[in-house]
Amino acid sequence: MSGDETSHARDASPAISDADEDARNLLRVRDLSTRFFTEEGQVNAVESVDFDVRDGEVFGIVGESGSGKSVTALSIGDLVESPGRVTSGEVWYRNADLAEEIDDPEAVDGDFVDVRQVPENVRRSLRGPSFSMIFQDPMSSLNPSLTVGEQIAEAVEVQRRARANPRSTRSRTQGYGLADMLASTVLPSRSYVSEESRERAIELLEQVGIPDPADRADEYPHQFSGGMLQRAMIAQALAGEPDLLIADEPTTALDVTIQAQILDLLRDLQDETGMSIVMITHNLGVIARMCDRVGVMYAGEIVERGQLADVFDDPVHPYTQGLLGSIPDLDEPASRLQPIEGNVPDLYDHEMGDRCYFADRCPYAMEECLSHPPEFDTETGKPVDPKTDPGEHGARCVLANHEFRPEDALPEEYFAVESEDSSGSDREAAETEEVNTDD
Ligand code: SF4
């Protein structure tokens, strides 16, 4: 275990031991990196990400489009597809029963299991009871040729069989396949989905607020509105009674009033079931409304994390400050919004230098920001109350423990000159290549 985050928490708060921290954690992500191997080059979509999710909390991940939020969600859900791959890191889920079954000391740490070190079938068995995901666009996530009720009942059935026969790899990992479909068509009495699962599907539809759930269960996805489809997706995700729900932009495709209803629903379900939620969004309003703690992502890295109030009231990283400064202030409607100049960098490996990735957009960039990527630091100068704040508010920025002195700032034209230089050298390289080709 890399223990980057753990070691900072230990330094800042000796009163809270690692064991106490782990007892509160449901998920520990350490040093997680995900790459996409494209024809244009290697894309470093997620870079050495560390965070914990605790029992019953909502942990938010926020950032601009292209910052790596969704790929982080897919990576912890083991759902990254080719040409992408999780290339390093650890994803520890707390699952005491599974930890007892696994016969590999490297993959087990107390009640935690590192899903990256267990066989594929075991990893898949965690989907449902350990975690579920809901996505931005429910229409593309549901099968248009099956009724909503059938799809939820199938998810319930898979989990029901897994619970009835926990050692059966097939029941734990496979859903309704072609053979099942043919068998249930030819012999209706051999239906894959039991009556009990169908009834449970209707209960779940009721739980997520679908009116007339028994009738609506027989309808197809195209007969549902956007908000109802998202509710149906949530019902399907709840089929395995997950400890953790990963919600990737769950309200982005919905209009504002429906967004609020879905967020309220998620909060109510969380209160009811005690599950934890990882909420992925670009919307700071959603984070403010839903989350207990938050991680801010930029260019594949978490650049600041902490309790919601710490990060929103006392942001350390200039990117977080920029995000917060770019939303309207209702107390001062006449004030101008402050956009963050520039764009998120391309994440191609050959273009990512060994320096702070935010440097060319940062008004505080200094010489020392360019020599190496800044470490995560919790030394924010704030007093730490070990009972309520395990010292976890930190930022990947030299300002976390350095006073900014205006005289240290790089001149405004520094990056413009630098990019002209590099495009000049690119041009030269291209010209040389042309000459060589002509030769
Ligand atoms: S490390 Fe330097 S360049 Fe990067 S955000 Fe902090 S002050 Fe700005």
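The values are calculated or read from the model by the stated rules, or taken from the named source; none is laboratory data. For clarity, every value in this text was computed on a predicted model and none was experimentally measured. Ideal geometry is used to build each Cβ from the backbone, glycine not excepted, and the neighbour counts take in all protein chains shown.
At-a-glance table
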| item | result |
| --- | --- |
| Pairs with Cβ under 8 Å, 6+ apart, first in the stretch 349-364 and more than 15 Å from S67 (Cβ to Cβ), second in a loop (DSSP other than H, G, I, E, B) and near the ligand (Cβ under 8 Å from one of its atoms) | A359/A365; C362/C356; Y364/F404 |
| Among the candidates V122, V113, V80, residue that is at negative phi and either in contact with a Ser or Thr (Cβ under 6 Å, 6 or more places away or on another chain) or in a loop (DSSP other than H, G, I, E, B) (or both) | V80 |
| Some residue of the stretch 28-51 being surrounded by fewer than 23 Cβ atoms within 10 Å (Cβ to Cβ), small (G, A, S) and not in a strand (DSSP E or B) | no |
| Residue within the stretch 89-104 that is closer than 20 Å to L32 by Cα and surrounded by fewer than 17 Cβ atoms within 10 Å (Cβ to Cβ) present | no |
| Test: L98 is closer than 20 Å to D52 by Cβ, at pLDDT below 90 and in a helix (DSSP H, G or I) | yes |
| Helices (runs of 4 or more DSSP H) wholly inside the stretch 251-335 that include at least 1 residues being modelled with pLDDT of 90 or more, within 16 Å of the ligand (Cβ to nearest atom) and crowded, with 23+ Cβ neighbours inside 10 Å | 308-313, 318-325 |
| Condition check for S371: farther than 26 Å from L32 by Cα, of a type in the set (S, T, N, Q) and either within 10 Å of the ligand (Cβ to nearest atom) or modelled with pLDDT under 90 (or both) | no |
| Considering residues of the stretch 348-358 that are of a type in the set (D, E, K, R) and outside any loop (DSSP other than H, G, I, E, B) only, the residue farthest from the ligand (Cβ to nearest atom) | D349 |
| Options R170, R163; residue that is more than 28 Å from E249 (Cβ to Cβ), among the basic types (K, R) and modelled with pLDDT of 60 or more | R163 |
| Contacts under 8 angstrom Cβ, first residue in the stretch 200-219 being under 10 Å from A153 (Cα atoms), partner surrounded by fewer than 16 Cβ atoms within 10 Å (Cβ to Cβ) and small (G, A, S), 6 or more apart | I202/A214 |
| The stretch 374-400, residues that are of a type outside the set (F, W, Y), more than 9 Å from the ligand (Cβ to nearest atom) and at pLDDT 55 or above | E375, D377, T378, E379, E392, H393, G394 |
| P345 being surrounded by 12 or more Cβ atoms within 10 Å (Cβ to Cβ), part of a loop (DSSP other than H, G, I, E, B) and near the ligand (Cβ under 8 Å from one of its atoms) | no |
